[in-house]
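Right, one structure below, let's go through it.
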Amino acid sequence: MCISHVHTESLAPLSPSVRLPTNPSFYGRRHRVLSFQAKSRKMKNAQIPKFKSLVSLKEANPLLWPPKFSSLSSSFKHYINSDTPIFGQKIHSYIQKTGYQPNTNISIKLLILHLKSSCLFYARQVFDEMRQPTLSAYNYMISGYVKHGFVVESFNMVRKLCLCGETPDKFTLSMILKGSTISYAESYSTYIGKQVHAQVIKCDVEGDDVLYTALVDSYVKSGRVDYARRVFDLMLERSIVCSTSLITGYMNQGYIEDAEDVFSKTMEKDVVVFNAMIEGYSKQIENAKKAIEVYIDMQRFGFRPNISTFASMIGACSALAAFEIGQQVQGQLMKTELIEHVKIGSALIDMYSKCGLIEDARRVFSHMPEKNVFSWTSMIDGYGKNGYPNEALELFSIMQEDHLIVPNYVTFLSALSACAHSGLVVKGREIFESMERDYYMKPRMEHYACMVDLFGRAGSLNQALEFVINMTERPDSDVWAALLSSCRVHGDVELANLAANELFKLSGGCRPGAYVALSNALADAGRWDGVNELREIMKIRGISKGTGFSWVGSDGCLKAFFAGQQS
């Protein structure tokens, strides 16, 4: 932090005995040094014009130093409110150099200055040098840590605050809750939320909209929407932000009716709360049609859809295979600049692919001005699932070799699935091995399951079993289910029995399809005694086969027709 000064000394008259250097480069270096010093002084004076008066004041009359608090305070206020607060740090350097002891007011302004300059180290240094930090100083420091993602440090600061005998106020508690909801700190959410809630009740903290909204959001992100609803119901004035957070929590846990109840009671709505409903509906095929209804109502109320609205709507059309409605949404998008956004392009590719319109998906892909790994993955996955494995693998190679885009886990899964559908065992193994070899990406269980499915579809059951046995991690139920499915297709009853037993150990009654697959394998082999024995086991364990149903297109969307249902 210390600013170095360059002092130029006046040249004393030279003695006749002193010989001047005859090397011309000496004078060149001397000239450059003096020129640099002059430029440095000009830059310093230009950057801190207000501080120049403070320095000249000290040099002119030491009796007027230190300056009045109002002078320092106004200088700091100027830099805090400017677009370049970091320039104000030079004032701190001069204060340290002169030994001036700032009071609490100046120290807090210094603290704010460093925080606005994203210099947490110096902000903490100012805080530690304060004789008796105030609650305001603690709050600024806690807020700075949370803003820059240092959640543990913010919690430690709160503990220090309590140990000093200070009582956290509503701002402190709001910042704690905000810190607990950061993605990599969500393990703290439930614990912190309860602690803050208890503190509010115990200390009779006068809560406000910000605090209660933060508390609701903390409970929602920790999965405790029941606690969030209790806080929500106690609020006299419910903000739209709070309502949106609770709706999102209900939708994520599948409590559709509760989300609808909160939405209906939200009197002042905006685009964000409508988006929460549309996105929640779009995630479930049985409710995706409601997303379209809310989308229409939203525009009737005069709200313009934004990028999140369009992305959720396209997702709903994908779930319903309602490409006619998707085309209308695309028509709306073409009237806006959002049509060129990579997120929208990727969503349209996914929708057309799921509707079986792979040529339309490729047309969208080809006209995208910008592509990222998600758009490439959507197109590769679309080709693979629509029976074009060669095109999928060709695109997978072009993405890496020509465009130098690094595949993600989903991209590799889509490529492996394409290999499985086309029986390219060698190519599939090469792609699988390249994950860790070329990209340092450790395969996940879904990649192992896809490899087992690849071997199984090609009829290499022994190779599939060997692959499972040699896995570096313990196979999960999906891996054994893939092997069981392959055994059923190729009629290997013994291996099917082995895979089924391993699957039953891991999932128990959670996978009734495994019992059905084993039963079908036994039936295909004519082993009816085994079929009857398996059915008795299913009865004892209370496992029942789910009712079969089919999705049938009707009126621009999908409807489920169950077995035995009359049309």
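The values are calculated or read from the model by the stated rules, or taken from the named source; none is laboratory data. Values in this document were obtained by computation on a predicted structure and should not be read as measured data. So basically every Cβ, Gly included, is an ideal-geometry build from the backbone, and we count neighbours across all protein chains shown. Only protein heavy atoms, including side chains, enter the accessible area calculation; ligands, DNA and RNA are left aside. Shrake-Rupley method; radii C 1.70, N 1.55, O 1.52, S 1.80 Å.
The table for this structure:
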| item | result |
| --- | --- |
| Overall Cα dimensions of segment 329-390, principal axis frame, Å, largest first | 34, 21, 14 |
| Rounded FRET efficiency, nearest 0.05, which uses the C-beta distance separating residue 490 from residue 342 and R0 of 51 Å | 0.75 |
| Extension gain, residue 103 back to residue 426 (0.36 nm per residue minus Cα-Cα distance, nm) | 108.9 nm |
| Rg/Rh ratio calculated on Cα atoms of segment 209-248 (Kirkwood radius) | 0.89 |
| Ratio of the Cα radius of gyration of segment 376-444 to 2.2 N^0.38 Å, where N counts its residues | 0.99 |
| Under the Debye formula (equal points on every Cα, no solvent term), log10 I(q)/I(0) of segment 295-409 at q = 0.12 Å⁻¹ | -0.42 |
| Accessible area, probe 1.4 Å, largest first, for residues 300, 488, 230 | 300, 230, 488 |
| Rough spin-label spacing in nm, given labels placed 7 Å along Cα→Cβ, for residue 299 and residue 394 | 3.7 |
| Relative packing of peptides 159-169, 138-148 - highest average C-beta neighbours within 10 Å first | 138-148, 159-169 |
| Environment charge at residue 315 (Cβ cut-off 12 Å; Lys +1, Arg +1, Asp -1, Glu -1) | +1 |
| Exposure ranking of 261, 233 by accessible area [1.4 Å probe, largest first] | 233, 261 |
| Contact order relative to length of segment 372-418, as percent, for alpha carbon pairs under 8 angstrom and 6 or more apart | 50 |
| Candidate aspartates and glutamates - alpha carbon under 13 Å from residue 442, same-chain residues fewer than 8 apart omitted | 433, 473 |
| All aspartates and glutamates inside 14 Å of residue 160 as judged from Cα atoms, apart from same-chain residues fewer than 8 positions distant | 128 |
| Over segment 268-380, relative contact order from alpha-carbon pairs under 8 Å, at least 6 apart, % | 21 |
| Cα-based convex hull, segment 213-273, per residue volume (Å³, whole number) | 72 |
| At R0 = 22 Å, FRET efficiency that the Cβ-Cβ distance of residue 239 and residue 306 yields, to 0.05 | 0.65 |
| Calculated FRET efficiency for the pair residue 169/residue 82, C-beta based, R₀ 22 Å, to 0.05 | 0.15 |
| Tail beyond 27 Å, pair distance distribution of segment 213-361 (Cα, percent) | 27 |
| Span per principal axis, largest first, for the Cα atoms of segment 285-354 (Å) | 32, 31, 18 |
| Label-point gap, in nm, between residue 148 and residue 441 - each point 7 angstrom along Cα→Cβ | 3.3 |
| Alpha-carbon spread of segment 406-506, three principal axes, descending order, Å | 41, 27, 19 |
| Of 385/505; 194/505; 147/283; 178/290; 116/178, those spanning more than 25 Å from alpha-carbon to alpha-carbon | 385/505; 194/505; 147/283; 178/290 |
| 20 °C / 1.002 mPa s Stokes-Einstein diffusion coefficient of segment 100-170, Kirkwood radius on C-alpha pairs, µm²/s | 176 |
| Mean separation of Cα contacts under 8 Å, 6 or more apart, over the residue count of segment 322-371: relative contact order % | 36 |
| Segment 410-456: mean projected area of Cα convex hull, nm² | 2.7 |
| All aspartates and glutamates inside 16 Å of residue 354 as judged from Cα atoms, apart from same-chain residues fewer than 8 positions distant | 324, 381 |
